[in-house]
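Below is a structure I'd like to ask you about.
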Amino acid sequence: SLTNNPTIKIGDINLTYSNTFTNCDNGIVAIASPAFSRLTLGVCFNNFDNCKTSIYTRSLNGSPIDNTLNINNNTITKTPLGGIGIRVENLRFNTIANINNNLINQSGLYDAANYGRAGIDIQNYLPTVVRLNVSNNNSRNVATSIMLRNLIGYAKCGNGYGELNVFENTIDITKPIVDIGLQHQTGINVQNCQMAQLYNNNPIKYTQIPDA
């Protein structure tokens with residue numbers, strides 16, 4: 001029932017319960033309606049290959065009590081051109097969100113046909129206090145590794161504080177320097193965010209260079 005705050009778990013450390021999604025427009029989609037927004041969701045230890053968007057959530061809200069969104073330990077082998085690995089929209093304060101230990105677009109060196117638009121894309125429609133941790137993820141072969149927009153961290157809100165922490169992520173830019181041209185390649189893109197804490201992220205590395 002609505003008062004029980006439903007929980008959905010997709011995948012498990014026990015590989016017997018993990019899932020594999022191949023050649024999908026969207027691998028996993030969780031969109032909460034106003035009546036069912038108090039959803040606790042765990043997406044962990046799943047495998048994705050050639051999905052336009054591997055994981056997509058929108059409007060999860062724990063009000064009046066907290067709920068949790070965990071997107072952890074997933075492997076995204078290949079993201080098609082312009083695709084997104086993990087996309088979270090309209091994150092609310094009462095949702096505690098953890099996006100940790102995911103391998104994104106790990107197909108190898110630069111591949112123009114599988115060059116993703118973003119590894120992790122977290123955006124709200126309007127500036128909102130959030131409780132979000134993004135850590136220990138590894139992204140390759142994407143134009144922007146981590147995108148944050150309209151998020152507010154470390155702000156007093158009701159009876160708690162917001163958090164916006166991005167730390168200890170590894171960012172590899174695999175596109176050869178000679179091919180970048182005027183197109184921006186971004187490790188972490190922060191737009192209209194306040195009090196974000198970005199620390200101990202590994203330096204952006206070019207892992208493929210043009211021949212001399």
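The values are calculated or read from the model by the stated rules, or taken from the named source; none is laboratory data. None of the values given here were measured: they were computed from a predicted structure. Because the Cβ atoms are built from the backbone with ideal geometry, glycine has one as well, and the counts that use them run over all protein chains shown. Remember, those area values only see protein heavy atoms, side chains included, never the ligands or the DNA or RNA. Shrake-Rupley method; radii C 1.70, N 1.55, O 1.52, S 1.80 Å.
Take the residues in segment 48-59 that are of a type in the set (S, T, N, Q) and modelled with pLDDT under 95; name whichever of them is most open to solvent (accessible area, probe 1.4 Å). I'd like the intermediate steps shown before the answer.
Step one: of segment 48-59, the residues of a type in the set (S, T, N, Q) are 50, 53-54, 57, 59.
From the residues that got through so far, the ones that are modelled with pLDDT under 95 too are 50, 57, 59.
Details: ASN50: 45, THR57: 4, SER59: 16 Å².
Step by step, filter segment 48-59, then rank; the result is ASN50.
For segment 140-152, check the following and say yes or no: at least one residue is within 22 Å of GLY85 (Cβ to Cβ), among the small types (Gly, Ala, Ser) and without any contact (Cβ under 8 Å) to a residue 40 or more places away in the chain. It would help to see each step written out before you state the result.
At the first step, the residues of segment 140-152 found to be within 22 Å of GLY85 (Cβ to Cβ) are 140-151.
Checking the rest, the ones that are also among the small types (Gly, Ala, Ser) come to 143, 145.
Then drop every residue that is not without any contact (Cβ under 8 Å) to a residue 40 or more places away in the chain, which leaves none.
Scanning segment 140-152 turns up no residue that is within 22 Å of GLY85 (Cβ to Cβ), among the small types (Gly, Ala, Ser) and without any contact (Cβ under 8 Å) to a residue 40 or more places away in the chain.
For segment 132-149, which residues satisfy the criterion of being assigned to a strand (DSSP E or B) and either at pLDDT below 90 or small (Gly, Ala, Ser) (or both)?
Kept after step one, since they are assigned to a strand (DSSP E or B), are these residues of segment 132-149: 132-135, 138-140, 142-149.
Matches in segment 132-149: SER135, SER139, ARG140, VAL142, ALA143, SER145.
Name the residue that is farthest from PRO80 (Cα to Cα), counting only residues in segment 12-23 that are at pLDDT below 95 and open to solvent by less than 50 Å² (accessible area, probe 1.4 Å).
Step by step, filter segment 12-23, then rank; the result is ASP12.
Sticking with this one: Check segment 60-83 and report whether any residue there is buried (at least 22 other Cβ atoms within 10 Å of the Cβ), part of a loop (DSSP other than H, G, I, E, B) and at pLDDT 95 or above.
So far as segment 60-83 goes, yes, one or more of its residues are buried (at least 22 other Cβ atoms within 10 Å of the Cβ), part of a loop (DSSP other than H, G, I, E, B) and at pLDDT 95 or above.
Something else about it: Out of all the residues in segment 161-202, which are within 30 Å of PHE93 (Cα to Cα), over 17 Å from the mean Cα position of the chain (by Cα) and either crowded, with 17+ Cβ neighbours inside 10 Å or modelled with pLDDT under 65 (or both)?
GLY162
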